[in-house]
Amino acid sequence: MNVFDTLMLPNGSSIKNRIAKAAMEENMADADQAPSEELMRLYQAWADGGAGLIITGNVMVDGRAMTGPGGVVLQDDQQLAKFKRWARIGRSGGAQFWLQINHPGRQMQSNLGQKTWAPSAVPLDLGKLSKRFATPHAMTSGVIKEVIQRFANTARLGEQAGFTGVEIHAAHGYLLSQFLSPLTNQRTDEWGGSLENRARLLLEIVKAVRAVVSADFAVAVKLNSADFQRGGFTADDAKKVVELLNGLGVDLVELSGGSYEAPAMQGEARDGRTLAREAYFVEFARDIQTVARMPVMVTGGIRRRAVAENVVQSGVNMVGIGTALAIDPNLPRDWLLGKDNAPQLPPITWKNKAIASLANMAVVKFQLRKLSRAKKPDPNVSPLRALILQQLGMAFRTRQYRRWVENRLM
């Protein structure tokens with residue numbers, strides 16, 4: 001088995017190779033919080049690059065609940081024509097194209113002016129950056145039921161637009177991940193306590209999505225292999241959640257890890273330990289593969305073909321690549337031609353881990369902006385410059401988002 005073998009999914013559809021463009025948050029919505037021209041150009045680069053599967057950055061199921069101010073929102077059919085064009089572009093090179101659908105829960109900045117919901121009223125702990133996030137309100141049963149329906153609605157609209165699947169985001173400390181973790185879910189009702197109760201929201205969303213889309217439309221789940229926080233969601237928990245998902249028509253599980261508080265998806269645990277430089281979560285994936293009835297994909301740091309091949313040959317079904325494809329969108333095509341490209345960003349060794357994490361994300365987004373303007377990425381950009389540009393861009397997009405909210409209320 002190698003990375004250019006076809007993968008058959010449980011729903012009967014196929015993916016032309018084992019390389020996925022993993023989700024990266026672009027924050028490139030237009031003034032209507034819909035896919036922008038820049039976003040279209042960015043995805044054309046990836047569509048031309050040869051990946052078998054392309055997964056979008058966060059697409060929000062609720063315009064009041066944003067992972068960032070420039071996030072794309074799909075909650076009704078008002079901008080469906082733009083989503084149809086986006087779907088055509090993403091599929092133009094023969095890849096499957098999935099929407100990653102998400103709700104931030106407590107990981108939404110307070111300057112967006114929206115009420116923050118989470119399983120419990122547990123604030124983020126980001127040191128001095130904590131003040132950027134409001135203490136969330138514990139979700140009522142009515143709000144929980146509305147969220148379930150919103151995920152299903154966005155999936156239904158995604159299929160209508162021409163996407164071939166959705167990935168339900170239950171990792172990286174966002175809402176569904178918050179329900180799974182005993183650190184953030186302190187409820188005593190049917191949505192909290194035991195792992196089965198903490199997983200209930202994810203399972204209900206999967207069932208609701210599967211009920212409104214066709215049988216050949218892919219439904220995937222992105223799951224933390226662990227939170228990398230003491231007392232949080234563990235690798236054993238992840239294994240049990242996959243077992244609970246086995247009978248629900250899930251076509252693929254992607255394993256990642258971490259959250260805003262512990263950015264393991266960038267290669268670091270909460271205590272500052274550096275994880276393996278490539279394929280951070282592959283050992284977890286191999287373990288979960290023993291119980292999973294659906295294909296398993298692992299994402300985190302992969303940039304060399306030899307590492308990708310080792311992951312697939314070890315039994316993991318797919319490799320997800322993010323940062324390396326932000327630097328070189330043609331990486332899969334080049335590997336197929338026998339080239340050994342291995343793009344990477346220089347490490348950021350700032351003492352303040354939270355700000356270093358923000359800078360790392362800013363450097364990645366700098367590459368995405370370059371691609372979106374049909375320009376060559378610059379992996380050696382100054383992290384400070386990238387961070388300042390990112391903050392300026394976010395300030396503009398925050399004003400744009402707040403205007404959009406006001407106009408929708410008029």
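The values are calculated or read from the model by the stated rules, or taken from the named source; none is laboratory data. Keep in mind that this is a model prediction, so the values were computed, not measured. In this analysis, Cβ positions are derived from the backbone assuming ideal geometry, glycine residues included, and neighbour counts consider all displayed protein chains. Side chains included, ligands, DNA and RNA excluded: accessible areas come from the protein's heavy atoms. Shrake-Rupley method; radii C 1.70, N 1.55, O 1.52, S 1.80 Å.
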Practice item. Output the residues belonging to segment 287-332 that are of a type in the set (D, E, K, R) and over 18 Å from Ile55 (Cβ atoms). Key: Asp287, Arg293, Arg304, Arg305, Glu309
Check your understanding: Can you name every residue in segment 157-193 that is more than 16 Å from Leu203 (Cα to Cα), of a type outside the set (S, T, N, Q) and within 19 Å of the chain's Cα centre (by Cα)?
Key -> Leu157, Gly158, Glu159, Phe163, Gly165, His172, Gly173
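Could you please let me know if Gly320 is touching a Phe, Trp or Tyr at 6+ places or on another chain (Cβ under 8 Å) and surrounded by 21 or more Cβ atoms within 10 Å (Cβ to Cβ)? Can you show your working first?
Working: touching a Phe, Trp or Tyr at 6+ places or on another chain (Cβ under 8 Å): no; surrounded by 21 or more Cβ atoms within 10 Å (Cβ to Cβ): yes.
Spelling it out, it is not the case that Gly320 is touching a Phe, Trp or Tyr at 6+ places or on another chain (Cβ under 8 Å) and surrounded by 21 or more Cβ atoms within 10 Å (Cβ to Cβ).
Taking the condition of being within 16 Å of the chain's Cα centre (by Cα) and open to solvent by less than 10 Å² (accessible area, probe 1.4 Å), how many residues in segment 45-61 meet it? Step through it out loud before you land on a result.
Pass one, segment 45-61, residues within 16 Å of the chain's Cα centre (by Cα): 53-61.
Keeping just the survivors that are open to solvent by less than 10 Å² (accessible area, probe 1.4 Å) gives 53-57, 59-61.
Count: 8.
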Check your understanding: Which members of segment 1-34 meet the condition of being in a loop (DSSP other than H, G, I, E, B), in contact with a strand residue (DSSP E or B) (Cβ under 9 Å, 6 or more places away or on another chain) and open to solvent by 50 Å² or more (accessible area, probe 1.4 Å)?
Key -> Thr6, Pro10, Lys16, Asp32
Check your understanding: How many of the residues making up segment 379-403 are open to solvent by 50 Å² or more (accessible area, probe 1.4 Å) and in a helix (DSSP H, G or I)?
Key -> 11
Exercise for review: Go through Lys365, Lys351, Lys376 for me and flag whichever is free of Cβ contacts under 8 Å to residues at least 60 places away in the same chain and either assigned to a helix (DSSP H, G or I) or farther than 30 Å from Ala34 by Cα (or both).
Suggested key: Lys351
Review point. Residues in segment 293-316: is at least one more than 30 Å from Asn246 (Cα to Cα), open to solvent by less than 70 Å² (accessible area, probe 1.4 Å) and of a type in the set (S, T, N, Q)?
Key: no
**Study point:** Ala87 being open to solvent by 30 Å² or more (accessible area, probe 1.4 Å), among the small types (Gly, Ala, Ser) and assigned to a helix (DSSP H, G or I)
**Key:** no
Exercise for review: Determine whether Leu345 is under 25 Å from the mean Cα position of the chain (by Cα), closer than 30 Å to Asp125 by Cα and part of a loop (DSSP other than H, G, I, E, B).
Suggested key: yes
Check your understanding: Mind checking which residues of segment 230-244 are surrounded by fewer than 21 Cβ atoms within 10 Å (Cβ to Cβ) and either assigned to a loop (DSSP other than H, G, I, E, B) or aliphatic (A, V, I, L, M) (or both)?
Key -> Arg230, Gly231, Thr234, Ala235, Leu244
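Would you point out the residue of segment 90-105, among those that are over 15 Å from Val221 (Cα atoms) and touching a residue at least 60 places away in the same chain (Cβ under 8 Å), that is surrounded by the most Cβ atoms within 10 Å (Cβ to Cβ)?
If we filter segment 90-105 for residues that are over 15 Å from Val221 (Cα atoms), which is where we start, we get 90-96, 104-105.
Subsequent filtering for residues that are touching a residue at least 60 places away in the same chain (Cβ under 8 Å) retains 90-91, 94-96, 104-105.
Values: Gly90: 26, Arg91: 17, Gly94: 12, Ala95: 26, Gln96: 23, Pro104: 29, Gly105: 23.
Filtering segment 90-105 for residues that are over 15 Å from Val221 (Cα atoms) and touching a residue at least 60 places away in the same chain (Cβ under 8 Å), the one surrounded by the most Cβ atoms within 10 Å (Cβ to Cβ) comes out as Pro104.
Which residues, counting only those in segment 122-147, are within 26 Å of Ala208 (Cβ to Cβ) and part of a loop (DSSP other than H, G, I, E, B)?
Initially, segment 122-147 is screened for residues within 26 Å of Ala208 (Cβ to Cβ), giving 122, 136-147.
Of everything in segment 122-147, those that are within 26 Å of Ala208 (Cβ to Cβ) and part of a loop (DSSP other than H, G, I, E, B) turn out to be Val122, Pro136, Met139, Thr140.
This table checks each residue for (1) at pLDDT below 95; (2) open to solvent by less than 60 Å² (accessible area, probe 1.4 Å); (3) in contact with a strand residue (DSSP E or B) (Cβ under 7 Å, 6 or more places away or on another chain).
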{"residue": "Phe228", "(1), (2), (3)": "yes, yes, no"}
{"residue": "Gly267", "(1), (2), (3)": "yes, yes, yes"}
{"residue": "Ala279", "(1), (2), (3)": "yes, yes, yes"}
{"residue": "Glu283", "(1), (2), (3)": "yes, no, no"}
Review point. Does any residue of segment 130-137 turn out to be surrounded by 15 or more Cβ atoms within 10 Å (Cβ to Cβ) and more than 25 Å from Arg403 (Cα to Cα)?
Key: no
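Within segment 66-77, restricting attention to residues that are open to solvent by 10 Å² or more (accessible area, probe 1.4 Å) and in a loop (DSSP other than H, G, I, E, B), which residue is farthest from Phe217 (Cα to Cα)? Show your work before the answer.
Pass one, segment 66-77, residues open to solvent by 10 Å² or more (accessible area, probe 1.4 Å): 67, 73, 75-77.
Filter once more, so that each one left must be in a loop (DSSP other than H, G, I, E, B): 67, 75-77.
Working: Thr67: 25, Gln75: 19, Asp76: 19, Asp77: 19 Å.
Of everything passing the filter in segment 66-77, Thr67 is farthest from Phe217 (Cα to Cα).
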